[in-house]
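What follows is a set of notes on a single structure, which appears directly below.
All of the numbers you see were taken from the coordinates with simple rules; none came from a lab. All figures in this text were calculated on a predicted structure; none of them were measured in a lab. For neighbour counting, all protein chains shown are included, and Cβ atoms are generated from backbone atoms with ideal geometry for every residue, glycine included.
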Amino acid sequence: PTAPPRPAAPPRPAAPPPPRQPASFRDTAAFHLANSEKLWNADRGRTAGSTPAAPPTPRPAQAVGPGAGPYPGTAAPRAPRPRRSRRHRLATAACLVLGIGLLGGAAAGSWLTGGPDAPPTAADSFAKGRDVWHRTPVDTLFPRTVDGLGVGPGGSDRRWTRIAVAPDSTCAKALDPGLATALAPAGCTRLLRATYVDATRSSVITVGAVTTKTDAKGMLALNSRFSTRNLSARTTMMPLPYAPKGTPAAGFGPAQRASWTLRILTDIPVVVYAVSGFADGRAVTGPQPAEAAVRPGTTTAPAESGLGHDAKALADRTETVFRKAAGIPGQNTEEP
């Protein structure tokens, strides 16, 4: 006999539909978090063979101002900055220190080995100073005008105009016999001279530069001899003026010399001097070295007239020019 058919199982009750919310709310993460459990239970209660409903398509995020996030009213998250490890920072610092050390070592090596950036040696400057007289323009050695700010009596300003330049010559007839004898041990290669007049045309000044034949030791010995014997302060060592005819210095002879200065340089083979006098040709009975005439409180004629200041200032400038042309930075003047 055939078994009677089993009664069909009663159909399962359909799961209640999820609560309906506004579409704008269903598209947010807050909606899904609030109804996650109900949605999960609803999915489990669906009958077999039924096709799950497609999830609602989220609406594109609407930007609200600059830096807006993917949901309304939210800001876009900032990208995190990469954090450098301590090892990376130490390696960067080590590379920086090493680079600086290599640059410094390269510069020091260049100086030590005489590279193109090496500063000139004393011997190089001395040798270069021997050629200044013929490779430097005359307008550089003796400019047409020279301004002296605060170098006159009482700190007044002075200005001098070049009125004559002597042809380069030897020292045989251009130096007073006493000075020529004192400089003889160093020899004389060339003598350059120029004469200036001040702005009032009341004083005239001759500036000279003797290039010697001796070496550095010979210049040191010459400077020492002048210093220990105070030769520069002796009137027998006064340089001769250069007084060409037809100029304001035409009457500037040996008797008109009022003040002078003499410098034996030791870093270049050069002797710089200057001698000053009155432009009207008056004779001076009491000439005075410039170093003494410029001292405050001195009441001699060379001091009060500014002739000592004229000689010192122009000699200072000429000394600086010769040193600079030899590649030597500015230094204090040398006064034996």
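What the table shows:
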| quantity | calculated |
| --- | --- |
| Compactness index (Cα Rg / 2.2 N^0.38 Å), the range 121-321 | 0.96 |
| Unsatisfied cross-links (Cα-Cα over 20 Å) in the set Lys213/Lys245; Lys213/Lys312; Lys173/Lys324; Lys173/Lys245; Lys128/Lys173 | Lys213/Lys245; Lys213/Lys312; Lys173/Lys324; Lys128/Lys173 |
| Within the range 238-269: backbone nitrogen closer than 19 Å to the Ala221 label point (7 Å, Cα to C-beta) | 264-269 |
| Quarter of the Cα convex hull surface for the range 110-213, i.e. its orientation-mean projected area (nm²) | 9.8 nm² |
| Cα-Cα P(r), the range 134-177, percent of pairs per 10 Å interval | 22, 33, 32, 13 |
| Karplus (6.51, -1.76, 1.60) ³J(HN,Hα), θ = phi - 60°, over the range 308-318, in Hz, Gly and Pro reported as x | x, 5, 4, 5, 5, 5, 5, 5, 4, 5, 5 |
| Equivalent-ellipsoid semi-axes of the range 163-272, from the Cα gyration tensor, Å, largest first | 26, 15, 12 |
| Descending semi-axes in whole angstrom, ellipsoid equivalent of the range 158-199, from the Cα gyration tensor | 26, 12, 8 |
| Amide H contacts under 5 Å for Ser169, placed H, 5+ residues apart | Leu191 |
| Cut-off under 5 Å, modelled amide H: who pairs with Tyr196 long-range | Ile163, Ile205, Thr206, Val207 |
